[in-house]
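See below for the structure under consideration.
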Number of protein chains: 2
Amino acid sequence: MITPVAYIRTFGEIPGHPEGTSYADREELRLAGLHAHKQNGISGTPAEGADAIVLNGGYPDDQDDGDIIIYTGQGGQDSRGRQIADQELTSGNAGLVRSQAEGLPVRVIRGYEEKSVYAPTTGYRYDGLYRVVRHWFKPRDDGFRVLQFRMEKISTSEIVRDFGQADEADQPEAQSLTQSGPVSRTERAIQQLNRRASVVRNIKKWHDNVCQICRTTVELPGGPASEVAHIQGLGEPHNGPDCEENALCLCPNDHLRFDYGALYLTDDLRIVDATSQQIIGKLATHPKHSIGIQYVRQHRSYWAK
Amino acid sequence: MITPVAYIRTFGEIPGHPEGTSYADREELRLAGLHAHKQNGISGTPAEGADAIVLNGGYPDDQDDGDIIIYTGQGGQDSRGRQIADQELTSGNAGLVRSQAEGLPVRVIRGYEEKSVYAPTTGYRYDGLYRVVRHWFKPRDDGFRVLQFRMEKISTSEIVRDFGQADEADQPEAQSLTQSGPVSRTERAIQQLNRRASVVRNIKKWHDNVCQICRTTVELPGGPASEVAHIQGLGEPHNGPDCEENALCLCPNDHLRFDYGALYLTDDLRIVDATSQQIIGKLATHPKHSIGIQYVRQHRSYWAK
């Protein structure tokens, strides 16, 4: 009997396995430490985050544009690959959300069954590190909802190091201050949306930096602070407009809750807690700030069950 | 009599004035729309943010390493350039903090009086766009405190556009949804600190994602969320270590308050509101999480008056 090799979850590049390396099958990927599973698309857990995904044509909602991938989460399919249930924010799906929240890099592996021009014709290929920049539930035409993740490639000119090695994680008590040493820096390229400063200024001015959800202002020595959140996300695939009608003035805590779907809005701008599905308040409004109900509905379609 | 030309504050590159362009004097800079003032180092206001700075040897606490600049705020000097008072978080100084909070790009202009090897020998030179990544008060040996800003250069291979034009800002009502159009993207290079994932994991696990300041947990559909803040900043010039003893588990709102100096800690881990200088609570602790008092003292030295 062969003892199974334990998978050590590592974030970032695996030494000896640079971008472009090919593998015959999923078992080879697992033994190389690139991906934990032989079946699941996502290698990860809710607590640790996801370290890798396989893109292999399993989900028709995937969209592979090379450096930008709209990746569908796992679950809800029968053995023939038909969607028969909703996907849930658990297991590997919650792992990818954790990676988004922590900024952890995710290895992307493409397989021969993937339809895109970026896929290999045989076997599997490690195609570099990506970051999860957004996630949402997509309501499908068949009535089921699937999770989707927008993933953006991290520049190939850098190698992201020290995103946490397994031996560190297992022995936190063994670390001393001297061992931790200086903190290294990596230059990385990011895609940045060129948001309009006038929208940010108007929204903050109208609401006087008061959060439209909890009415808090974060008071700082240099003046009050708030964040301007978009209701319908900017960029692919949501393509919400960068205008006041699609923006809210929020504190950082409620910005996080809104973007991650803990809260959504009704048509009459009541605030709903997504877990309990209870109305927990009403959005603060300002006469000059008209809110586009179409954006509220789009955001709600991602998160309301 | 000559009518003075109004300065139109623009963030980002000024068309026709690429990086490396030289100017004979401050008036030329002002007329070109690069910097609002003929004397002040900082071109900006607390409400709009700062669009430009001049580095010209006026403050001995400046440190110019080319792509990284430790820039000293304005004020507190007599006419002979001696520090005779504390600097305050007002005026241009508050403008730079606003630029940090909003991620606005700041034009850096070096003058002939600057001592560094990066300065021109005559006149002034526009040296590209930088971002403000951190600020703090530095207690000087003479007892006065000055503001300092860590500024990092934005990659020269890109031009940051559309950070808000003055004509837009002045006529918000004139904007329509169709005018706003698609949102463009810019690839930019950033310096990223390679933080240890094990520190983040341990701190979050010990505190169960509960904020050590306000005891809030941000509950998200994928699980609870929190942020790990460093007490003594990482990187130059603070060089705090990336270890559990120098870290706190905070909600995003209190992370912002802590980093911007609205809150600091006493040696016995009571929480002080920096504006009122009143104790407003006690830091939540965990038996496994020992906090290094030297880091608490360093953070406090930036913010306590």
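The values are calculated or read from the model by the stated rules, or taken from the named source; none is laboratory data. As the structure is a computational prediction, the values presented were derived from the model and not from experiment. Cβ: placed from backbone, ideal geometry, glycine included. Neighbour counts: every protein chain shown. The accessibility values were calculated without ligands, DNA or RNA, using every heavy atom of the protein model including side chains. Shrake-Rupley method; radii C 1.70, N 1.55, O 1.52, S 1.80 Å.
The tail of the calculated P(r) for the protein assembly as shown beyond 34 Å holds 46 percent of all Cα-Cα pairs.
Between B and A, buried accessible area from a 1.4 angstrom probe totals roughly 6100 Å², ignoring ligands, DNA and RNA. The H on the amide N of A:Gln212, modeled in the peptide plane, is under 5 Å from the matching H of A:Cys249, A:Leu250, A:Cys251, each at least 5 residues off or on a different chain. Projected onto planes of every orientation and averaged, the convex hull of the alpha-carbon atoms in chain A covers 19.9 nm². Of the trypsin sites (Lys or Arg not before Pro) found in region B:49-116, those that fall in a DSSP loop while having at most 14 other beta-carbon atoms within 10 Å are B:Arg80, B:Arg82, B:Lys115.
Converting phi to 3J(HN,Hα) with the Karplus coefficients 6.51, -1.76 and 1.60 and the offset θ = phi - 60°, region A:141-148 yields 4, 7, x, 8, 10, 10, 7, 10 Hz in sequence order, with x at every glycine or proline. Of the trypsin sites (Lys or Arg not before Pro) found in region A:24-68, the ones in coil according to DSSP and having at most 14 other Cβ atoms within 10 Å of their Cβ are A:Lys38. Here the convex hull built on the C-alpha positions of region B:197-303 has a volume of 97 cubic angstrom per residue. The other copies place their B:Glu19 label points at 2.2 nm from this one, listed shortest first, where each point is 7 Å from Cα along Cα→Cβ. With respect to the axis relating copies A and B by rotation, the chain A residue whose beta carbon is closest, plus that distance in Å, is A:Pro252, 2.
GNM on chain A, alpha-carbon springs under 10 angstrom: the most fluctuating residue among A:Gly95, A:Gly222, A:Gly58 is A:Gly222.
Note that region B:109-121 has calculated 3J(HN,Hα) couplings of 10, 9, x, 5, 8, 5, 7, 6, 5, 8, 7, x, 7 Hz, one per residue in order, obtained from phi through the Karplus relation 6.51 cos²θ - 1.76 cosθ + 1.60 (θ = phi - 60°); glycine and proline are x.
Annotation: amide H of B:Thr21 within the under-5 Å range of B:Tyr126, sequence separation 5 or more or interchain, hydrogens built in the peptide plane. Per residue of chain B, the DSSP helices (runs of n ≥ 4 H) give a summed -39500 (n - 2.57) that works out to -5000 deg cm²/dmol at 222 nm.
Our note on the geometry: Cα centres of region B:259-276 and region B:289-305, 9 Å apart. May I ask for the distance between the Cα centers of region B:96-144 and region A:45-100, given as a whole number of Å? Region B:96-144 and region A:45-100 have Cα centres separated by 45 Å. Plainly put, the tip 7 Å out from Cα toward Cβ on A:Thr285 is 5.0 nm from that tip on each other copy, the closest given first.
Rolling a 1.4 Å probe across the protein heavy atoms gives region A:22-165 an accessible surface of 40 Å² per residue. Each principal axis of region A:247-287 carries a Cα extent, and these read 30, 22, 13 Å when sorted largest first. Working note: Karplus 6.51/-1.76/1.60 with θ = phi - 60° gives region B:214-224 the couplings 10, 6, 7, 10, 7, 7, 10, x, x, x, x Hz, where Gly and Pro are set to x. The same position A:Thr45 in the other copies lies at 5.4 nm from this copy, comparing label points 7 Å beyond Cα toward the beta-carbon, shortest first.
Each Lys and Arg adds +1 at its Cβ and each Asp and Glu adds -1 at its Cβ; summed about the Cα centre, region A:33-80 shows a dipole of about 280 debye. Taking amide H positions as modeled 1.01 Å from N, with prolines and chain starts lacking one, the residues under 5 Å from A:Leu220 and 5 or more places away or on another chain are A:Ala225.
Atom-type composition of the exposed protein surface of the protein assembly as shown places 50 percent of the accessible area on carbon and sulfur (1.4 angstrom probe).
As a quick test, which of the pairs A:Lys205/A:Lys282; A:Lys288/B:Lys204; A:Lys138/A:Lys282; B:Lys205/B:Lys282; A:Lys153/B:Lys205 have an alpha carbon distance above 32 angstrom in this structure? Result: A:Lys288/B:Lys204 exceed 32 Å.
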